[in-house]
Amino acid sequence: MPAPSSALPTAFAAADLGAGSGRVVVGRVGPRSLDLAEVHRFTNTPVQLPGALHWDILALYQGVLDGLRAAARHASGIASVGIDSWAVDYGLLDAGGALLGNPYHYRDSRTEPAVEKVWARIGAADLYRVGGLQHLPFNTVFQLAAEDPGRLEAARTLLLIPDLLTHWLTGSTGAEVTNASTTGLYDARTGTWSRTVLTALGIDPALLPPLRRPGDAVGRLLPQVAAYTGLPASTPVTAVASHDTASAVVAVPATGADFAYISCGTWSLAGLELDAPVLTEASRAANFTNELGIDHTIRFLRNVMGLWLLSESLRTWQAIGLPARLPALLTQAARAEPFAAPEFLAPGDIPARIAQYCARTGQTPPDSQGAVVRCILESLALAHRHTLRQAAELAGRDIDVVHMVGGGSRNELLCQLTADATGLPVVAGPAEATALGNILVQARAHGLVEDRTAMRRLVADTQQLRRYTPSGDEQAWAAAAARVGLI
């Protein structure tokens with residue numbers, strides 16, 4: 001599509017769905033401008049039914065519709081719509097296109113016995129050589145192995161969550177590749193659905209729709225969608241990097257090739273952008289994943305337990321009546337003694353578990369809330385250090401800067417500790433990377449941005465960023481890493 005003749009910013013709508021909430025934002029893109037406005041936010045509350053945990057997919061779809069209605073009121077001439085969400089979960093449609101029950105939540109425990117079932121048919125090493133995925137028991141391949149045979153027999157189409165919502169907006173069916181690459185059903189070597197895996201598991205290849213890539217035109221709004229939202233029926237829906245991390249990596253404001261990224265929120269996803277997957281046994285043993293980004297790139301990364309530990313601690317302190325205001329606690333943490341306790345990533349009552357661990361191992365536990373916060377952030381910084389050093393070694397790459405995006409980029413102490421731990425400068429921001437990436441892919445599809453380099457340059461030139469220079473003692477960080485086995 002040719003670039004519009006007007007130099008005025010063009011408006012796009014992005015639906016960005018997370019595990020706890022969803023939102024619709026309007027992004028305006030001009031030659032030297034990139035702005036976001038959140039126009040609607042809605043909750044995403046899983047539903048526990050007898051025997052299974054599900055997503056309330058109809059409520060999510062209604063939230064998207066209401067958000068698009070708000071977008072139409074906020075900006076005239078919405079040029080396109082795009083949807084991103086979390087990975088691996090899906091809906092099944094029957095021959096008439098009806099949804100066969102609410103999609104399962106990836107935290108539902110039904111997949112645990114399915115792992116051994118899959119590995120009995122295609123070994124873990126063989127599975128990795130095909131898809132290159134970090135082992136997670138809720139990957140789509142294991143979910144399908146746990147499916148009710150009758151439901152699977154009645155199904156004719158499998159659609160991942162953003163593809164399902166896009167289908168309801170447009171009537172079009174397809175599988176966007178950045179999300180497809182997280183399923184365990186995708187062949188990272190050939191760029192197609194894996195006949196090897198499908199045959200081994202007895203899955204009909206016809207169940208999986210055609211693949212499409214970020215920037216592809218999906219279709220236009222169905223008449224009833226247009227009538228409800230107030231958007232013109234001619235409004236196109238564009239395939240974006242529909243896995244939320246893939247969208248976040250689009251908006252990493254890197255200006256060179258040798259960068260690492262950390263998309264930091266509830267989880268920290270730390271890794272590199274590569275031209276080809278790393279499918280070695282060493283990579284599998286280190287539990288790194290190879291997922292697709294835009295332009296055939298590979299997101300070579302590992303999931304690290306992120307700021308959930310901090311939010312759990314705040315929740316615990318609030319429940320027992322202790323102060324739980326994060327800014328004050330971060331100030332205390334900055335003054336606390338460094339390396340007072342080891343890494344501790346177990347779930348639950350985090351402050352109590354840290355104290356119990358220290359007592360059990362003959363160490364002095366953190367003696368204040370601030371010390372607990374520092375322990376958590378230092379542990380996360382150590383995990384960032386270990387993960388990025390492993391990624392660089394496995395991929396044969398150098399790293400000269402770390403870009404931290406997402407909500408964690410607002411945590412100044414974490415950013416500084418990550419710079420100190422890695423010995424590398426950390427560029428923090430943008431916090432809204434996922435929504436920005438969604439908008440940028442749409443803007444490129446409409447001729448407003450030339451390529452991936454131009455996307456990142458626009459982010460670097462328009463968004464608020466902060467640079468953190470390493471100032472820590474490398475020997476102290478190395479000793480701390482050795483103490484907790486992160487060497």
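Per-residue ellipticity at 222 nm, computed for the chain from helices alone with -39500 (n - 2.57) per DSSP H run of at least four residues, works out to -11500 deg cm²/dmol. For Thr316, Thr255, the ranking by accessible surface with the largest value first comes to Thr255, Thr316, using a 1.4 Å probe.
Normalised by the number of residues in the chain, what is the relative contact order in percent for Cα pairs under 8 Å and 6+ residues apart?
Reported relative contact order: 16 percent.
Computed packing ranks the peptides 187-199, 433-445 as 433-445, 187-199, most packed first, by mean other Cβ atoms within 10 Å.
With respect to the chain, whose longest principal axis is taken over its alpha-carbon atoms, helix 433-445 is tilted by about 40°.
On the basis of the beta-carbon distance and an R0 of 51 Å, Gln356 and Leu8 show a calculated FRET efficiency of 0.30.
Measure nothing but the geometry: give the 0 to 90° angle between the long axis through the Cα atoms of 350-360 and the longest principal axis through the Cα atoms of the chain, rounded to 10°. Roughly 40 degrees between the two axes.
Given the C-alpha atoms of the stretch 1-114, compute the convex hull and give its volume per residue in Å³. Write down the numbers at each step before the final one.
Values: hull volume 17.5 nm³, N = 114.
Dividing the Cα hull volume of the stretch 1-114 by its residue count gives 154 Å³.
Taking the DSSP beta bridges with both ends in the chain, the antiparallel portion is around 75 percent.
Using Cα pairs closer than 8 Å and at least 6 residues apart in sequence, work out the relative contact order for the stretch 190-305, in percent. Let's see the in-between values first.
Numbers: 141 pairs, mean separation 21.3, N = 116.
Result for the stretch 190-305 is 18 percent.
Our estimate of slack between Thr43 and Asp94, defined as 0.36 nm per intervening residue step minus the Cα-Cα distance, is 15.6 nm.
First select every other residue whose beta carbon is under 12 angstrom from the beta carbon of Ile203; then total the charges, Lys and Arg +1, Asp and Glu -1. The partial results should precede the final answer.
On the way: positive: Arg121, Arg195; negative: Glu147, Glu153, Asp204.
The answer is -1.
Compared with the direct C-alpha span, the chain from Asp400 to Asp66 gains 115.9 nm at full extension, assuming 0.36 nm per residue.
I need the calculated FRET efficiency for the pair Ala334 and Tyr228, taking r as the beta carbon distance and R₀ as 45 Å, to the nearest 0.05. Numbers along the way, then the final one.
Values: r = 50 Å, r/R0 = 1.10.
Approximately 0.35, to the nearest 0.05.
Arrange the residues Ser33, Ser368 by how much accessible surface each exposes, largest first, with a 1.4 angstrom probe. Numbers along the way, then the final one.
Working: Ser33 30, Ser368 50 Å².
These residues rank, largest area first, as Ser368, Ser33.
What separates the Cα centres of the stretch 113-167 and the stretch 436-487 is a distance of 31 Å. Angle of helix 452-462 to the longest C-alpha principal axis of the chain, folded into 0 to 90 degrees and rounded to 10: 60°.
Within the set of other residues whose C-beta is less than 12 Å from the C-beta of Asp258, count the net charge using Lys and Arg as +1 and Asp and Glu as -1. Taking every Cβ under 12 Å from that of Asp258, the sum is -2.
Protein-only accessible surface at a 1.4 angstrom probe places the residues Glu432, Glu291, Glu153 in the order Glu153, Glu432, Glu291, largest first.
The values are calculated or read from the model by the stated rules, or taken from the named source; none is laboratory data. Note that the structure is a prediction, hence the values are computed from the model and not measured. Note: ideal-geometry Cβ built from the backbone for every residue, glycine included; neighbour counts use all protein chains shown. Each accessible area value is taken on the protein alone, full model and side chains, heavy atoms only, with ligands, DNA and RNA left out. Shrake-Rupley method; radii C 1.70, N 1.55, O 1.52, S 1.80 Å.
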